[in-house]
Structure formats: C-alpha cells, structure tokens
Amino acid sequence: MIIFKSINKLNKCIENIDNIGFVPTMGSIHNGHSSLIKKSKKICKKTLVSIFVNPKQFNNKKDFINYPRNTKRDIRILRKLNVDYVLLPTYSDIYGAKENRLIKIPKINKILCAKYRPGHFEGVLRVINQYLIKLNVKKIFLGEKDYQQLKIISNFVRKRFNVKVIPCKTIRYKNTFALSSRNKLLIKDDLYKLREIFLILKSFKLRLRKNFKYRYKISDIKNLIYKKGVKLEYLELRDERTLSKNCKKSNFRIFISYYYKKIRFIDNI
C-alpha cells in the first residue's frame, strides 16, 4: 500500500493505470467502508481510498469539530484490506483556485436531509467534483446508507464525467442499524437505542408490505420513536427510484433522520 499526501504525486504514480476504483471516505473506517473496498477490489485492477473530512459539507461547525478522526487506526485497517493507494489530501490540495463554486442542487432535491441541512449536498458535490476532475479514476463506490446522497451524486457524475457510480448495500450491525462513523461517539449501551429504532422501522415496513394502507399510521410510528428519547427530524416514505412522495407498495423506502445525544443519525430501509 502506498500513501500519498499530494494529489500531484498520486497522479504521477497512477497516470498509466486503467480501471482504478475509488472509495472516498472521511475516515473512521468501519465495515461499511470495508465492503465498498472489497467490491472495488473485485472488479477493478487497483483501488484508491481517500480520507478527507470535508468541511464544506458540514452546516454545523461543532459537528465538523467533533467528527471522529483516527488516521493511524484507519491506515492499519486499510493495510489489512490490501488497498493499493491511500490519499490523505490537504484542504488546499482539494480546493484550489480552479474550484467550481457554482455547484447547486435542484430545488426538487431539497427534501429529506437537504431540507434540514442547507448547503450539505452542495458541499458533498464540491468535493466529489474536485476529486473527479483531478483523479484518473473510472469507478466510484458509494454506500446506500446515504441514499439521497447516492442519488444526487449519481445524477451529477453521469452528466459531467465519464465515471461510473457503483452503489453498494448498507452494512448493518447484527442486521439492525446501519454502521456509521458517528456510532463511535456512543458507548455500547447507547447502541441498543439505535437497534430499538431500527426494529420499529422494520416492523413498520413488514406491515406496509402486507397492507400499504398502513402508511397512514405513520404518525403512530413517529410517536413510538419519540418515546425512545430521540429527537426525530423526519420519517418519510419515498419512491426509491425518484425520491418522490408518490410511492407504491412495490417501490417505497422508509427514510429517517434523528438526533440521539446530540448526534445525528440517518437510515433507510
């Protein structure tokens, strides 16, 4: 594994290598990231992983400051996964004078997380745009846990780059809540709270599969979640292809965002 702290030095190394898979991360590597890396290694000649906590996608400075960071631990994990290249770019390396600051998401996408985190997805697209302008990669691997983000990036990349976005299934803790870097901010006992919320959602989805009219009971589900001591931001049913509210029994997903101990969590099932 070769570690680079400069995009220019990395590019000199990979300029003649085709079919490089790219896994962008903000560090705090967990099994969700590992699954992306393993998928990249299966279908690409080489795999590149970046670690960069992107300040542009945080609309809360405290969230940015408190975001879990442990680069030494991340490097150890990436070595065990036999990653070919690791990029640890600086802020100036990503955001130079040529950065496109006019990236905006359409109003139609200002739902779910975009509604409650203004500027978040613009910040995500800014860093993805910079990566794909500067790096010689052909495939980028993204998880379905951030489902709205996956959709927004996929549409953005398809229009601007000759790069394929590869979606990867959400990895869960013992088949319950989605793995997240923010889980590391909780103690073990707190994880039971996340598990309980997931089980409520799973039960709700099973009822919807049997009778979609049960969707009108979503206020009851919200009340159950409130009783778990969390601050619910949103709980919505959306079409999994278009993210429209006009969904059917055959094509819906349940989307949730909530705060527990002032930490924000999202999921979709």
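Looking at the structure I just gave you, is L243 open to solvent by less than 50 Å² (accessible area, probe 1.4 Å), outside any strand (DSSP E or B) and aliphatic (A, V, I, L, M)? In short, yes.
The single residue among K145, K174 that is part of a loop (DSSP other than H, G, I, E, B) and open to solvent by 10 Å² or more (accessible area, probe 1.4 Å) turns out to be K145.
Among the residues of the stretch 208-217, those identified as of a type outside the set (F, W, Y) and either assigned to a helix (DSSP H, G or I) or open to solvent by 100 Å² or more (accessible area, probe 1.4 Å) (or both) are L208, R209, K210, K213, R215, K217. None of T25, T71 is touching a residue at least 24 places away in the same chain (Cβ under 8 Å) and over 20 Å from F141 (Cβ atoms) except T71. If you check I197, I171, I166, which single one turns out to be modelled with pLDDT of 95 or more and over 29 Å from G21 (Cβ atoms)? Going through I197, I171, I166 in turn, the sole match is I197.
Between N59, N16, N82, the distinction of being closer than 30 Å to S244 by Cβ, part of a loop (DSSP other than H, G, I, E, B) and of a type in the set (S, T, N, Q) belongs to N59 only.
Looking only at the stretch 246-258, residues that are in a strand (DSSP E or B) and charged (D, E, K, R) come to 1 in all.
Whether a residue is at pLDDT 95 or above, open to solvent by 20 Å² or more (accessible area, probe 1.4 Å) and under 16 Å from the mean Cα position of the chain (by Cα) was assessed, and V127 does not pass this test.
Within the stretch 14-29, the residues that satisfy the criterion of being modelled with pLDDT under 95 and not polar (S, T, N, Q) are I14, E15, I17, D18.
Listed here are the residues, each with its yes/no results for (1) farther than 28 Å from I14 by Cα; (2) of a type in the set (F, W, Y); (3) at pLDDT below 95; (4) in a helix (DSSP H, G or I).
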| position | (1), (2), (3), (4) |
| --- | --- |
| F141 | no, yes, no, no |
| R182 | yes, no, yes, yes |
| L191 | yes, no, yes, yes |
| S203 | yes, no, no, yes |
| L206 | yes, no, no, yes |
| S219 | yes, no, no, yes |
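Somewhere in the stretch 228-238, is a residue modelled with pLDDT of 95 or more, in a helix (DSSP H, G or I) and either among the polar types (S, T, N, Q) or closer than 21 Å to I111 by Cβ (or both)? There is no residue in the stretch 228-238 that is modelled with pLDDT of 95 or more, in a helix (DSSP H, G or I) and either among the polar types (S, T, N, Q) or closer than 21 Å to I111 by Cβ (or both). Restricting the first member to the stretch 209-233 and to residues that are over 23 Å from L194 (Cβ atoms), and the second to residues that are open to solvent by 50 Å² or more (accessible area, probe 1.4 Å) and in a helix (DSSP H, G or I), the beta-carbon pairs closer than 7 Å and six or more apart or on different chains are Y214/R207.
Which members of the stretch 37-50 meet the condition of being crowded, with 21+ Cβ neighbours inside 10 Å and β-branched (V, I, T)? Result: I37, T47, V49. Evaluation of L88 against the conditions (1) in contact with a Lys or Arg (Cβ under 7 Å, 6 or more places away or on another chain); (2) open to solvent by 70 Å² or more (accessible area, probe 1.4 Å) shows that the sole unmet condition is (2). Restricting the stretch 187-201 to residues that are open to solvent by 20 Å² or more (accessible area, probe 1.4 Å) and not acidic (D, E), the residue that is nearest to Y258 (Cα to Cα) is K193.
Based on what the data block shows, is Y226 over 27 Å from H33 (Cβ atoms), out of contact with any His (no Cβ under 7 Å at 6 or more places or on another chain) and open to solvent by 60 Å² or more (accessible area, probe 1.4 Å)? Here the answer is yes, as Y226 does meet what is asked.
The values are calculated or read from the model by the stated rules, or taken from the named source; none is laboratory data. Not measured: the values here are computed from a predicted model. Ideal geometry is used to build each Cβ from the backbone, glycine not excepted, and the neighbour counts take in all protein chains shown. We work out accessible area using only protein heavy atoms, side chains counted, and drop any ligands, DNA or RNA first. Shrake-Rupley method; radii C 1.70, N 1.55, O 1.52, S 1.80 Å.
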